[in-house]
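The structure appears below as C-alpha cells.
The values are calculated or read from the model by the stated rules, or taken from the named source; none is laboratory data. Note that the structure is predicted; figures quoted are calculated from it, not measured. Quick reminder, even Gly has a Cβ in these numbers, built from the backbone with ideal geometry, and neighbours come from all protein chains shown. Quick note on the areas: whole protein, heavy atoms, side chains included, nothing else; ligands and nucleic acids left out. Shrake-Rupley method; radii C 1.70, N 1.55, O 1.52, S 1.80 Å.
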Amino acid sequence: MEDEGPDSNFVKKRKTAISGRPFGKSPESPIVCPLGIGTVWCGRKWPPQNDSYSYPDNAEVDAFLTQALSRLRRDDERVVIDTAYGYGNADARIGAWLKSAAGQVFLDKVLIHTKFGHSRDGPPPAEQLTLETLRRDWSQSCANLPRVDGIYYHLPSSIPEELALETLRDKDILQELIRLRSSKESGLTAIGASISNANVLKTAHSEGLLSEFDMLQVPQWMVREEPTLISELHEQGKAIAVNSPVRFFAKHDEPPKKSFEDCYTELWKIPYVSVVLTGTRYHLPETISYSGR
C-alpha cells in the first residue's frame with residue numbers, strides 16, 4: 001500500500017472475514033491467513049524512490065508486529081511474515097521480537113519466509129546468484145531468525161533475464177536448497193523463487209526449472225496478466241504469494257484505477273492466490289480490515 005501517514009484510529013471492518021487458504025496443494029499444506037506481512041520498510045528505504053522514508057525505531061517495529069499478529073492470527077491458520085537478507089536489518093529486528101517474551105507467544109502462528117541474493121543495503125542485484133551467495137545469506141538468516149520455514153531465490157527484474165535463468169539452472173544451488181529442506185535445517189520445509197520478470201518465469205517453467213519448488217512469489221500485475229501460467233503452476237502444487245498489491249503496474253507505469261480495498265479483494269477472489277503480502281507501514285488497521293479481521 002502507498003503510505004501517506006499514520007492511520008491508527010481506523011476502525012472500519014468488513015462484515016465477513018475472508019477465509020484462510022492452503023499454502024500449497026498437498027494434504028500437509030498449512031492454512032494461511034489471506035493477508036501476509038511484508039517487512040522491507042522495517043530495515044531499509046522502500047520504495048527506493050521514497051524520499052520521505054524515515055528509519056523506524058525498534059518500538060515502532062515491535063508495535064507493528066504485535067498489532068498485525070494480534071489481529072490476523074486464528075487458531076487454525078498461520079500468518080506469513082515475509083522478509084529477506086536484502087531488507088537491511090529487517091530480519092534481525094523481526095527475529096529479535098519473535099525471540100522476545102512478547103513475540104514468542106505468536107511463534108507457532110507464523111510462517112517465516114526469507115529470500116537470498118540481494119545485498120543488505122546496496123542497490124538491486126544485477127548479477128547471477130551463486131552457491132556462495134546462498135550460503136552467506138542462509139547463515140545470516142538462521143542466525144537472526146528463530147526459525148526459517150521457507151526461502152526464496154530473490155530474482156527482481158534488475159537481474160538480466162539470462163542471468164536470472166542461469167541462476168535457476170545452477171544445479172549446485174538447487175541441490176543445496178533441497179538438502180536444507182530434506183534435513184529441515186532451521187525448520188525449513190519450503191523452497192521457491194520470488195520472480196518479478198514474466199519472461200523469466202515462463203522460460204523457467206518451460207525448462208522444468210521450477211519443478212522442485214513448493215512456492216512462488218510474484219507481483220500483482222503478473223497474476224493479472226498471466227493467469228494461465230500462474231494457475232498452471234498452482235495446479236502443480238505451488239503456493240502463490242503475491243507482493244506489491246497496490247503499487248504501480250510495472251508494465252504500464254500507471255496506478256491502479258481501483259480503491260486500495262478493491263486491489264486486495266480482487267486478488268483474494270482468484271482461486272490460485274495463496275496469500276497477498278502487504279507492504280504497508282502506516283495503514284495497517286485499514287489494510288487488515290479489508291480481510292475482515
Open item on the list: Out of everything in the stretch 257-285 that is charged (D, E, K, R) and in contact with a helix residue (DSSP H, G or I) (Cβ under 8 Å, 6 or more places away or on another chain), what residue ends up being most open to solvent (accessible area, probe 1.4 Å)?
Closed with: K258
- [ ] Select from the stretch 210-224 the residues that are open to solvent by 20 Å² or more (accessible area, probe 1.4 Å), over 15 Å from the mean Cα position of the chain (by Cα) and modelled with pLDDT of 95 or more and list them in ascending order.
- [x] S211, E212
Open item on the list: A63 - would you say it is open to solvent by 70 Å² or more (accessible area, probe 1.4 Å), without any contact (Cβ under 8 Å) to a residue 12 or more places away in the chain, out of contact with any Leu (no Cβ under 7 Å at 6 or more places or on another chain) and small (G, A, S)?
Closed with: no
TODO: Of all residues in the stretch 190-207, count the ones that are open to solvent by 40 Å² or more (accessible area, probe 1.4 Å) and not in a helix (DSSP H, G or I).
DONE: 1
Open item on the list: I'd like to check something: does the stretch 1-16 contain any residue that is at pLDDT 95 or above and buried (at least 16 other Cβ atoms within 10 Å of the Cβ)?
Closed with: no
TODO: Could you list all residues from the stretch 125-153 that are among the charged types (D, E, K, R) and either open to solvent by less than 50 Å² (accessible area, probe 1.4 Å) or assigned to a loop (DSSP other than H, G, I, E, B) (or both)?
DONE: E127, D137, R147, D149
Task: Every residue from the stretch 154-167 that is open to solvent by 30 Å² or more (accessible area, probe 1.4 Å), more than 20 Å from A90 (Cβ to Cβ) and within 20 Å of the chain's Cα centre (by Cα) - done: S157
TODO: State the number of residues belonging to the stretch 21-72 that are more than 19 Å from the chain's Cα centre (by Cα), modelled with pLDDT of 95 or more and closer than 21 Å to A239 by Cα.
DONE: 0
Open item on the list: Residues to consider are G95, G86, G122; find the one that is in a loop (DSSP other than H, G, I, E, B), surrounded by 22 or more Cβ atoms within 10 Å (Cβ to Cβ) and among the small types (G, A, S).
Closed with: G86
Open item on the list: Is it the case, given these coordinates, that A102 is modelled with pLDDT of 95 or more and assigned to a helix (DSSP H, G or I)?
Closed with: yes
Task: Residue count, the stretch 232-256 (criterion: loosely packed, with under 15 Cβ neighbours inside 10 Å and modelled with pLDDT of 90 or more) - done: 4
TODO: State whether the residues of the stretch 168-188 include one that is open to solvent by 50 Å² or more (accessible area, probe 1.4 Å), under 22 Å from V276 (Cα atoms) and in a loop (DSSP other than H, G, I, E, B).
DONE: no
TODO: Go through the residues of the stretch 108-116 one by one and say whether even a single one is farther than 20 Å from A17 by Cα, surrounded by fewer than 22 Cβ atoms within 10 Å (Cβ to Cβ) and either touching an Asp or Glu at 6+ places or on another chain (Cβ under 7 Å) or not aromatic (F, W, Y) (or both).
DONE: yes
TODO: Confirm whether R224 is assigned to a helix (DSSP H, G or I) and in contact with a Ser or Thr (Cβ under 8 Å, 6 or more places away or on another chain).
DONE: no
Open item on the list: Checking L69 against (1) open to solvent by less than 20 Å² (accessible area, probe 1.4 Å); (2) within 25 Å of M215 (Cα to Cα); (3) in contact with a Gly (Cβ under 7 Å, 6 or more places away or on another chain), only one condition comes out false. Which one?
Closed with: (3)
